[in-house]
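Accompanying notes for the structure given below.
Any read-out appearing in this document is the output of simple, stated calculations on the displayed coordinates, not a laboratory observation. Just so it is clear, the structure is predicted and the values come from calculations on it, not from any experiment. Glycine also receives a Cβ, built like all others from the backbone with ideal geometry; neighbour counts cover every protein chain displayed.
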């Protein structure tokens, strides 16, 4: 017994260590070194040579500042020890106040950095080896002027090495800096990110969701608050607040902005103190208790929905209701103010009511850190992921407006295996943000419900059921979260116009297994005789048969109450396809379809209807279609019979639509 206990304990510890490794891999996957530079190796070499590290891949001169002809006057590159006494990587950890924007128009990156600062579990991944990278007064030899950071780029975590030279003017940092003069983590983080894209100027202008994704490997969505009518619809506001609370609890990174409508509007202050063309990090989402009054307050505490935000400039705040020092705060009990950490400092952080938030902000960005670890106790998603490309001659079809070429795009098949789900889809074009200044392409994707046994590319999308299209934008990434019922689907990812080439990453996250994969074959391979998988019919394939089982009416009652839980089994040659089950009805609507590549024209096509039971399913009837039947793509109404060749007539009618073609690219 002792042997068993020790063995079990050893196995349990091994399982735990593997789970930790798997959780790390789910966050990082494999980590690659940017430009082949390895932090440990370079630091060791610098120490052996007795010289501080100088990064020749990102030198301390104008080449690292600009890709255009721009120039900053009097810029001097200095190491932190040349800027101040006792420099530190961190001073008392991180906070949103550690990140203040400099002369670069990268508030999107600064706001994301502010979000990063308040999520310790995330910034430990982006800023690894924090203790080892810190200046140590007791071990001065450990300082070699070298740091490294990690960013998620195009599906891969990338380790970026830099030296600690920073651009200054009059001994002041030019770009991002901390409120504490001897703290440098945010400035060094920005430098590493600039190196990843070629230079600092490449960070001038961008989308908040881009930086949030690069910090987390997560999935970002930008909510258009005007289009969703949050300002005027109280119910929608309540839904938004619940969503933001939920995402905050899941450690999502969030931010808000007011897009500038012109270059003159960029970073222009409004009457409320908010700035256009600027991103604010969301640092808290809370229901705040009001000061009670009267008998009712004894039984019920009234609360107000509030959101705390931070201006990455470190100054410039909202000046409306519940702004710093406003009289509205007198309605909040002192203990509640202390509980939410209320301060009235000029630090760029402020509170707003949900109503004012929805009235004045136009966009909310939410970046979910998606958990795919099977060992986690929190919600786990099932991931489908594929790298692909729009390339000539046959994968550059353009959007659905281009009917003749649309299906000549990359396609991905997936299943919804639960009765219904809200899967997340994320299309990311491998970013063109670089020292060349090249712009993003306009991209998006469309989703179709297809045959339950679809294994080959869609060639005629009008034969499929259109579900939903994403927005098409010239953004780095596109997000969509549709509501889908059980079935098989195909996503067609595309550029808006045809003949536009580029590379992309397409991801899907669902609540259950999704069998996500790329569709690459147009039809069964010739010469394949493998019947085991029921998908390859090879030499001798003569006909394509497409059947859509629409509905049934007047089926035989089987259960107490509404009657039955019917589903269909469609059989053709050696393949069987099952439709979804429709519960509590004798008049089911399935709208499910199947496609068969047929070798033997004399074989029949059969549809059986069954009633789903806990112990044993019961038979409701069938209809057998012969090869001589008139299949003309019109809706047919057919009778049902029992089992056997001479089965008795069964109650109910079946509605189907069947087409046949010798053109295997017809559907």
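The figures follow:
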read-out	value
Full-stretch length increase - residue 337, residue 584 - with 0.36 nm per residue and alpha-carbon distance subtracted	83.6 nm
Net length gained if the chain between residue 154 and residue 471 were fully extended (0.36 nm per residue, minus Cα distance)	112.1 nm
Between helix 234-249 and the chain: long-axis angle, C-alpha atoms, 0 to 90°, nearest 10	70
Segment residue 553-residue 56, extension gain: residue separation times 0.36 nm, minus the distance between their alpha carbons	171.4 nm
Separation in nanometres of the label points that stand 7 Å from Cα toward Cβ, at residue 649 and residue 238	5.4
Inter-label distance, nm, simple model (7 Å from Cα along the C-beta direction), residue 260/residue 613	7.1
Pairs of alpha carbons in the chain whose separation is greater than 34 Å (percent)	57
Taking 200, 360 and counting other C-beta atoms within 10 Å, the order from fewest to most	360, 200
Over the chain: helical MRE at 222 nm, DSSP H runs n ≥ 4 each giving -39500 (n - 2.57), nearest 500	-5000 deg cm²/dmol
For region 49-135, the Rg and Dmax computed from alpha carbons only, in angstrom	15.5, 40
Per residue, the convex hull volume that the Cα atoms of region 382-519 enclose (Å³)	94
Alpha-carbon radius of gyration plus Dmax, which is the widest Cα pair, for region 543-661 in Å	13.9, 44
Set of region 408-425 residues, backbone N closer than 18 Å to the point 7 Å along the Cα-Cβ line of residue 460	408-409
Cα extents of region 183-224 along the three principal axes, largest first (Å)	33, 21, 16
Euclidean distance of C-alpha centroids, region 617-664 and region 383-432, integer Å	35
Folded to 0 to 90 degrees: helix 39-49 orientation relative to the chain principal axis, Cα	30
Cut-off 17 Å, label 7 Å out along Cα→Cβ of residue 269, residues of region 323-361 by amide N	323-326, 345-351
Sites residue 38 and residue 304, calculated FRET efficiency, Cβ-Cβ separation with R0 45 Å, nearest 0.05	0.30
Pairwise label distance in nanometres, residue 326 with residue 130, each label 7 Å out on the Cα-Cβ vector	3.3
